[in-house]
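The next block holds one structure in the form of structure tokens; read it before the comments.
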Amino acid sequence: MTPDPRGTGSHPGIDTSVPHTARMYDYLLGGKDNFAVDRAAVRKVLEAMPDMPQSIRLSRLFLRRAVRYAIRRGVTQFLDIGTGIPTAGNVHEVAHELAPGARVAYVDHDPIVLTHARALLSREQQDRVTIVAADLREPEKILAAPEIRDVLDFERPVALMLVSVLHFLRDDEDPYGVVKRLCDGLAPGSMLMLTHASLDPDPETGLAASAGWANATSTMNMRTHEEILRFFDGLELVEPGLTATWNPDGEPTEVLERAIRNIWGYGGVAVKAPAGTHPDH
Ligand SMILES: C[S@@+](CC[C@H](N)C(=O)[O-])C[C@H]1O[C@@H](n2cnc3c(N)ncnc32)[C@H](O)[C@@H]1O
């Protein structure tokens, strides 16, 4: 048990002496589920890249648009890996606005995320929404998890959401292989929806900001547009491709999208075609 410096008790398995990526992200989004160590790490990031919070808000905007995009095209099951500490407009909230029967399985490896997410889910939601402790680096375990299979039917299309999480995998952790193994377990018509931090606007600044995660639970590995595009290999990328402000259905643009100068990331969606129909097969 680690003592909780906020004096609200103690959290089993939650280490308050190491910056956690989920809690750093919570602080970057203006949340209050973070500790001094997380805030100190974020301050280092912001010194190098003061405009990073805007890019994070764009990634959250992507998440909401991507959920609506999937539902409009008949995909109502979501596997959201790297869920994060719940904030307004979570996948199930956005999905249930358009499709009350939509099913969502959340996956994260951070115990604080699981504690918060479980507290948020109502009893009535529990047949349609689940939250599971698992590691993105173990895709087969995720695909086989009984709690996930209770909620998602893998015989039907699933939208796999990897929003702001793949940059926490180092190259030697085989992020491309992880994504491929996950997609291999999904039915045709499934979608891969991801955002990923990028250092394209200025690599030097990108590397300086990444150093803020040096002692955190996961390191930050920003990638170029070309490197991020590779995650979609073998899938059919939908228009407008991998972009900084992704808006395929022409939803009203947000002030943030018009005002932002440097965008430190990209988002995109691709569809898994039926076997034998994709030109790469
Ligand atoms: C930056 S937050 C993104 C949260 C959410 N997807 C969003 O876009 O708002 C990244 C989340 O990924 C989780 N995460 C990082 N590495 C992970 C891994 N290997 N397996 C599972 N979750 C991971 C962290 O705990 C954190 O909650």
Based on DSSP, what percent of beta bridges with both residues in the chain are antiparallel, to the nearest 5?
40
Three-way shape call for segment 209-267 based on the alpha-carbon gyration tensor, with the a/c threshold at 1.5:
oblate
Length gained if Thr224 through Val255 is fully extended, taking 0.36 nm per residue and subtracting the Cα-Cα distance, is 8.6 nm
Measure off 7 Å from each Cα along the Cα-to-Cβ vector at Glu236 and Ala208, then give the distance between these two points in nanometres to one decimal.
4.5
Computed over segment 168-281, the convex hull of the Cα set has an average projected area, in nm², of 8.6
Roughly speaking, what is the stretch gain from Ala275 to Val18, that is 0.36 nm per residue apart minus the C-alpha to C-alpha distance, in nm to one decimal?
88.0 nm
For Gln126 paired with Glu147, estimate the spin-label separation in nm (one decimal), with each label point 7 Å from Cα along the Cα-to-Cβ line.
1.2
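Please report, to one decimal in angstroms, the Kirkwood hydrodynamic radius of the chain built from all distinct Cα-Cα pairs.
For the chain, inverting the mean 1/r across all distinct Cα pairs yields 19.2 Å.
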In segment 20-74, trypsin sites (Lys or Arg not before Pro) in a DSSP loop with at most 11 other beta-carbon atoms within 10 Å
Lys32
Counting other C-beta atoms within 10 Å, and keeping those with at most 10, which DSSP coil trypsin sites (Lys or Arg not before Pro) do you find in segment 187-281?
Arg261
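A short reminder: the numbers here are calculations on the coordinates, not readings from a lab. Remember, predicted model here, so these are calculated numbers, not experimental data. We place every Cβ from the backbone using ideal geometry, glycine too, and count neighbours over all the protein chains shown.
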